[in-house]
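The values are calculated or read from the model by the stated rules, or taken from the named source; none is laboratory data. Here the structure is a predicted model, which is why all the values come from computation and not from measurement. Glycine also receives a Cβ, built like all others from the backbone with ideal geometry; neighbour counts cover every protein chain displayed.
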């Protein structure tokens with residue numbers, strides 16, 4: 001996995017498959033291993049560019065606070081370093097969807113399509129803010145293992161965590177191995193300080209599909225449909241699953257991604 005220098009520090013990037021380029025950016029708290037269940041089938045039709053975000057995976061901590069727009073600029077730096085000249089299909093989970101939204105609006109000619117999974121467009125609500133502040137505090141005082149289990153429940157949903165221990169292990173391992181300071185910097189920058197991005201929706205030119213889990217309380221089907229309706233070429237789709245990451249662990253969801261890519265024009 002090469003590390004590519006960006007203004008947010010060196011970012012680890014994995015390239016897999018062949019065909020037109022697609023950028024995959026993961027959710028907060030995990031890393032590119034969260035795509036493992038979908039990766040093989042997606043790589044059969046696209047050249048996947050899997051980016052580990054700042055402070056995640058084995059990346060060093062970012063140089064300071066950063067924004068979603070900074071992440072989009074870093075993604076463009078990655079594409080330039082890889083000499084990618086074609087417009088990309090952007091696939092983002094939660095945080096990755098926010099970055100994709102910024103990428104699509106700031107680099108419209110570089111974004112062929114945008115697919116977000118469980119990406120809440122509003123700023124962090126007060127109840128969620130309290131939960132994230134607690135995670136941040138416990139992570140600082142007692143380390144990542146102290147909050148790994150409840151965080152895994154929140155990201156996957158308790159039912160999936162119990163039924164699929166391999167998925168739970170992927171989430172837990174990704175969270176625990178990240179650089180501690182880098183993870184806390186990311187929590188502050190792109191969760192606690194996350195702005196409302198509603199105003200960006202109408203400016204997205206790329207065909208867009210916004211996907212969420214049927215029982216995802218942080219990104220409800222109703223909200224997702226409302227956000228997608230504000231994008232000129234946007235639509236929404238509801239799939240089974242409760243947590244932000246649940247749709248990624250059903251291999252059948254690779255079909256909805258590839259179908260969207262095939263029909264995006």
Every residue from the range 38-63 that is under 14 Å from residue 257 (Cβ atoms) and in a loop (DSSP other than H, G, I, E, B): 44, 45, 46
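Which one of these is within 20 Å of the chain's Cα centre (by Cα) and more than 23 Å from residue 244 (Cα to Cα): 62, 54?
Numbers: 54 fails: more than 23 Å from residue 244 (Cα to Cα).
One residue alone meets the criteria, 62.
State whether the residues of the range 192-199 include one that is over 17 Å from the mean Cα position of the chain (by Cα) and in a helix (DSSP H, G or I).
Taking every residue of the range 192-199 in turn, at least one turns out to be over 17 Å from the mean Cα position of the chain (by Cα) and in a helix (DSSP H, G or I).
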Evaluation of residue 12 against (1) touching a strand residue (DSSP E or B) at 6+ places or on another chain (Cβ under 6 Å); (2) surrounded by fewer than 21 Cβ atoms within 10 Å (Cβ to Cβ); (3) part of a loop (DSSP other than H, G, I, E, B) (one fails), failing number: (3)
For the range 246-265, which residues satisfy the criterion of being in contact with a strand residue (DSSP E or B) (Cβ under 7 Å, 6 or more places away or on another chain) and in contact (Cβ under 8 Å) with a residue 60 or more places away in the chain? 246, 247, 248, 253, 257, 260, 261, 264
Looking at the range 65-96 only, could you name the residues that are assigned to a loop (DSSP other than H, G, I, E, B) and either under 14 Å from the mean Cα position of the chain (by Cα) or closer than 23 Å to residue 116 by Cβ (or both)? 66, 67, 82, 84, 86, 87, 94
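Filter the range 15-34 down to the residues that are part of a helix (DSSP H, G or I) and under 10 Å from the mean Cα position of the chain (by Cα), then identify the one that is farthest from residue 171 (Cα to Cα).
Residues of the range 15-34 part of a helix (DSSP H, G or I): 32-34.
Remaining after also requiring under 10 Å from the mean Cα position of the chain (by Cα): 32, 34.
On the way: 32: 10, 34: 7 Å.
Residue satisfying both the conditions and the ranking: 32.
Go over the candidates 116, 105 one by one and state the one that is at pLDDT 95 or above, surrounded by 14 or more Cβ atoms within 10 Å (Cβ to Cβ) and assigned to a helix (DSSP H, G or I).
105 is the lone residue from the list that is at pLDDT 95 or above, surrounded by 14 or more Cβ atoms within 10 Å (Cβ to Cβ) and assigned to a helix (DSSP H, G or I).
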Cβ contacts < 6 Å: first residue assigned to a loop (DSSP other than H, G, I, E, B), restricted to the range 141-158; second residue at pLDDT 95 or above, any location; separation 6+ or different chain. Result? 144/175; 144/176
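For the range 50-82, what are the residues that are without any contact (Cβ under 8 Å) to a residue 40 or more places away in the chain and under 14 Å from residue 31 (Cβ atoms)?
Keep residues of the range 50-82 that are without any contact (Cβ under 8 Å) to a residue 40 or more places away in the chain, which gives 50, 69, 72, 76, 80.
Within the range 50-82, just 50 meets the criteria.
Please state which one of 223, 255, 196 is farther than 23 Å from residue 132 by Cα and at pLDDT 95 or above. It would help to see each step written out before you state the result.
On the way: 223 fails: farther than 23 Å from residue 132 by Cα; 196 fails: farther than 23 Å from residue 132 by Cα.
From the options 223, 255, 196, the qualifying one is 255.
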Selected residue [under 29 Å from residue 137 (Cβ atoms), surrounded by fewer than 21 Cβ atoms within 10 Å (Cβ to Cβ) and in contact with a strand residue (DSSP E or B) (Cβ under 9 Å, 6 or more places away or on another chain)] from 223, 196, 215: 223
Across the range 16-60, what is the number of residues that are under 14 Å from residue 189 (Cβ atoms) and touching a strand residue (DSSP E or B) at 6+ places or on another chain (Cβ under 7 Å)? 3
